[in-house]
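Notes follow once the structure below has been shown.
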Amino acid sequence: MLAVSRLRDRASFMRIYDHFMPRLCLYLRGLGSPDAVAEELAQEALLRLWHRAAQYDPQHGAVSTWLFRIGRNLHIDRVRCEQGWVQVLEDAVPASDEDLAHPFSAAEDYAEHARLQRRIQELPAIQARLMRMSYFESKSHQEIADELQMPLGTVKSHLRRAFLRLQGQIRDQP
């Protein structure tokens, strides 16, 4: 990445492109982008990496983190442009402490939470544990890896597979 940012080295950029393009497409498809859109967004993310290479600071994180964040932001921007997107009103009243203390104010909310809990329990044990740690305990992937003494990539892979499985179950429901 340093060769790209300092020297504008095209060969180095192409190595980054070849390495990250399929991974970025897979990630964006996992976020819900159709294949063609995921490919378009991945190319746009890599183009932004090329144009903004001088802004990359290895002290702030890995190239992959920076690139995937660009891809995620492009995906979010695209979703916001789609018909049916509802933006939260700026003058909306924030939830009170009492509302936050009772997150399930309606029976439907509780039922949906219970269905999600059931689906997570149906996952393989390690995936279920990692999902609970990540989403319900709000632990970072690195914190989970450290706590369970697992490689970070393994944690991320298990979470990704679990997320895709849950996403498939939700899509398949009537």
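The values are calculated or read from the model by the stated rules, or taken from the named source; none is laboratory data. The shown structure was predicted, so the numbers you read here are calculated from the model rather than taken from an experiment. Cβ coordinates were reconstructed from backbone atoms using ideal geometry, including for glycine residues, and neighbour counts include every protein chain displayed. Calculation scope for accessible area: heavy atoms of the full protein, side chains included, ligands and nucleic acids excluded. Shrake-Rupley method; radii C 1.70, N 1.55, O 1.52, S 1.80 Å.
The table below gives the values:
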item: Flag for Arg69 being charged (D, E, K, R) and either touching a strand residue (DSSP E or B) at 6+ places or on another chain (Cβ under 8 Å) or in contact (Cβ under 8 Å) with a residue 24 or more places away in the chain (or both); result: no
item: Set Glu40, Glu44: member being open to solvent by less than 80 Å² (accessible area, probe 1.4 Å), more than 23 Å from Gly153 (Cβ to Cβ) and part of a helix (DSSP H, G or I); result: Glu44
item: Any helices (runs of 4 or more DSSP H) falling wholly within segment 55-174 and containing at least 2 residues that are open to solvent by less than 50 Å² (accessible area, probe 1.4 Å) and modelled with pLDDT under 90; result: 63-81, 107-121, 125-131, 152-172
item: Single residue of segment 1-23 satisfying the filter (in a helix (DSSP H, G or I) and modelled with pLDDT under 80) that is surrounded by the most Cβ atoms within 10 Å (Cβ to Cβ); result: Val4
item: First in segment 25-44 and farther than 13 Å from Asp77 by Cα, second anywhere and loosely packed, with under 14 Cβ neighbours inside 10 Å and acidic (Asp, Glu), Cβ under 9 Å, 6 or more apart; result: Cys25/Asp35; Arg29/Asp35
